[in-house]
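The values are calculated or read from the model by the stated rules, or taken from the named source; none is laboratory data. Bear in mind that the values here come from a model prediction, so they are computed numbers and not experimental data. As a convention, Cβ positions derive from the backbone with ideal geometry for all residues, glycine included, and neighbour counts pool all protein chains shown. In case anyone asks, the SASA skips ligands and DNA or RNA and just uses the protein heavy atoms, side chains included. Shrake-Rupley method; radii C 1.70, N 1.55, O 1.52, S 1.80 Å.
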Amino acid sequence: MQDLLRRYGTGLTSVFCLLVAFWILVLIVLPNFAMFEQSFRPYLPVVEVGGPKDVYSFANYSKILDNGFESTIFGIPVTLPIHVLTFLDTVFFSALVTFFTLVFAYPLAYYLAKIASPRSIPTLLLLLFIPMWVSEALRAFAWYVILTFNGPLNAALKGLGIIEESIRWQNGIFTSYDAIVIVLTYCYVLFMLFPIYTAITSLDTNQIEAAEDLGSPWWRTHWRVVIPHAKPGIASGCVMVFMLSAGSLLVPTVVGSTKANWFPQTIYTWFNDALDWNTGAAYSMIFLLACIVFVILMMRLFRVKLSDIAK
Amino acid sequence: MSAGIDLDNVCCDFGTFRAVDNANVSIKPGEFFSFLGPSGCGKTTILRMVSGFIEPTQGAIRIGGKDMRGQRPNQRPTALIFQNLALFPLMPIWENISFGLEVRGVDKATRRKKAEELLALVDLPGAADKMISQLSGGQKQRVAIARALAVEPQVMLLDEPLSALDLKLRQHMRAELRAIQKRTGVTFIYITHDQGEALAMSDRVGVMSQGRIQQIAEPRDIYDNPVNGFVASFVGENNIFEGSLGPVADGMAALTGPHGSFRARIRPEAEGKPLKLYVRPEHTKLAPTKGSENSVEVEVTEVAFEGAFISVHGHAAGGKAISAEVRNDGVTPVPALGDKVYATFDAARALLLPDANVRG
């Protein structure tokens, strides 16, 4: 602050501070607070707003527990409220997307940071970035085309003799969420790649060589030297990919099967189709809190501190 | 356990650049051998070839008589101490030291015990549970040595490990390294650009320049009997005279140049090459009268007091710089600035040497 004042003077410094305060307060805190407040009020005709029926309650929140639905989780039959089921599916498959992006991104990040020759790096990064120049909506539709029943993927696989019959990818082979997982992994893999790439770049190559010199096979060098060093990058990549995947509305809408429900779609339905903003707000609050709790639990499990991610 | 290392006609090319050219060395088991040379002379490349990070383009490297071609660093009986040490900052010290044992599947209790033993050996008892960041430069040095010793290597390779330390600590660690080497009996290959370090610690020294090994000899021989001008200049100061060479007799020859005629020793293998005369400042005596031979008149331009000796610089005719060292023993007279004196040296102390051995 002292530094800012000395460099830019009182005028500019107060402009900076006011702009930041405006951004945080007016664009983040107030809307969220308004949603938070709305979420406790019932959805009423306009004339009754502020009337005797307009009282705070948890009624909107408890709606998530309505409508029991019979399904199976890992082969065990359970009866769960339909929206809770959607929520669990969303968290589970987002975690799966996070895992897949990690599996793809880590070797690639290591290759870019330590193996690729410095001269080829700009070209490789450009190649990685080009798909990101296209909007997410278009990429999702491109995948829709790729995965359709008479689409290029089936044609290619049949042409190569790998499959005999076309596969309904959007209905899924393993689960009805296959297409969503594939496309989300594709869309968010770079959000995993770059934090890990940055983290591994800062690792002294001598440490990798020292481990090898002491007799370490490659996998142990990664396990004991590279991964611990890259852990903050891996953690921030995981948090980003998980939150983006869980919060994605577009990808599940475009490529999701009729049987695949993503929680943001449920929220969207409350807001847009039911026009019940109050319940939509309540669902949003539940989703936000639950995802934060899930991330914190995962960070505890993998012994990552918040200060590591901030780096 | 220690092993000898043989380099047979080892060459290493990076693209069109030849980093190491035809290196031949035979290092004995248990020897403390140093490669000495300026940066870029190829000494680190030799070290990386021995440890297995680089494969030689030509030639063979044998450790304990076994050809190392195709062996990865983790398969060789060597341990490398990196210039920046490359300790693992996220592991406590005992895990750093016992990492090599962990790799070999040694159980935790044994590893811990071994780490404690090695910490005692390098004089750092009780540091097992500290982190690397809590140690000073000299202590990190010791941990790096302990980590390398833990795998019981037959050969220790050290890549200028003392260069980051301050002078006092460096001198202390020199003695320490030497003592550890004697205690363990492991073959040490030491890389340095510091001639004092190489001469003080080593059993033998290999002096390198531009990818070539110029001379391999005991430290004293390197200093007193350098084989060429590069070695003579790299390990110490010299007064150099140019001129034309007279006939050789009994290993002595005369060199006649603009400053007179000087007699000096000549090696049989140096005959026929263009030669210069090299004599060290400490063998150059200053006297008010002309000596019987090898004497040149000098005007004193600088007298620098160095403590144990006084460094005197002057110009001979034609502006040629001559230096001499006068012992600060209270007896030898010290010339004053502007004095005209005679610089005289013993013919047995002067050498006629060719330039460095480079690829032509």
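With a cut-off of 13 Å between beta carbons, the residues surrounding B:Glu31 carry a summed charge of +1, where Lys and Arg count +1 and Asp and Glu -1. Chain A against chain B buries an accessible area of about 1900 Å², both chains summed, 1.4 Å probe radius. Loop-located chymotrypsin sites (Phe, Trp or Tyr not before Pro) in the stretch A:218-305 (DSSP state not H, G, I, E or B) with no more than 12 neighbouring Cβ atoms inside 10 Å: A:Phe302.
Taking chain A as a Gaussian network of alpha-carbon nodes connected by springs under 10 Å, the highest mean-square fluctuation of the residues A:Glu136, A:Glu165, A:Glu37 belongs to A:Glu165. Accessible surface for the stretch A:1-115, divided over its residues, is 69 Å² per residue with a 1.4 Å probe. Take each peptide in A:10-18, B:5-13, A:224-232, count the other Cβ atoms within 10 Å of every residue, and average; sorted highest first, the result is A:224-232, B:5-13, A:10-18.
Excluding ligands, DNA and RNA, the accessible surface per residue across chain B is 44 Å² with a 1.4 Å probe.
Here is how the number arises for chain A: DSSP H runs of 4 or more residues each give -39500 (n - 2.57), the sum is divided by the residue count, and the result at 222 nm is -19500 deg cm²/dmol. Positive-end ranking of B:Val303, B:Ile322, B:Ala198 along the dipole of chain B, with charges on Cβ about the Cα centre, is headed by B:Ala198. Computed with every protein chain present, the accessible area of B:Arg267 is close to 60 Å² [probe 1.4 Å]. For the stretch B:1-73 versus the stretch A:267-294, the spacing of their alpha-carbon centroids is 67 Å. Mind telling me which of A:Leu30, A:Leu96, A:Leu297 comes out most flexible in a GNM of chain A, alpha-carbon contacts under 10 Å? Of the options given, A:Leu30 has the highest mean-square fluctuation.
Would you mind counting up the charge near A:Ala281? Only other residues with Cβ under 11 Å from its Cβ, with Lys and Arg at +1 and Asp and Glu at -1. It works out to a net charge of -1. Of the residues B:Thr187, B:Leu101, A:Met240, the one whose Cα sits farthest towards the positive end of the charge dipole of the protein assembly as shown is B:Leu101 (charges of +1 on Lys and Arg Cβ, -1 on Asp and Glu Cβ, taken about the Cα centre). Counting only Cβ charges, +1 for Lys and Arg and -1 for Asp and Glu, the dipole size of the stretch B:5-229 around its Cα centre is about 480 debye.
About its Cα centre, the dipole of the protein assembly as shown is roughly 560 debye, where the only charges are +1 on Lys and Arg Cβ and -1 on Asp and Glu Cβ. Restricting attention to the protein assembly as shown, close to 75% of DSSP beta bridges with both partner residues there are antiparallel. Among the listed pairs B:Lys290/B:Lys320; B:Lys108/B:Lys130; A:Lys114/B:Lys140, those with a Cα-Cα distance over 23 Å are A:Lys114/B:Lys140. Can you pull the percent of the protein assembly as shown's accessible area that's carbon plus sulfur, 1.4 Å probe, other chains left in place? So the carbon and sulfur contribution to the accessible surface is 61 percent.
Highest GNM mean-square fluctuation among B:Gly318, B:Gly64, B:Gly37, for chain B modelled with Cα contacts below 10 Å: B:Gly318. Residues of the stretch A:198-221 that bury at least 40 Å² of accessible area when the other protein chains are present, relative to the chain alone (probe 1.4 Å, heavy atoms, ligands and nucleic acids excluded): A:Asn206, A:Gln207, A:Glu209, A:Ala210, A:Glu212, A:Asp213, A:Leu214, A:Gly215, A:Arg220.
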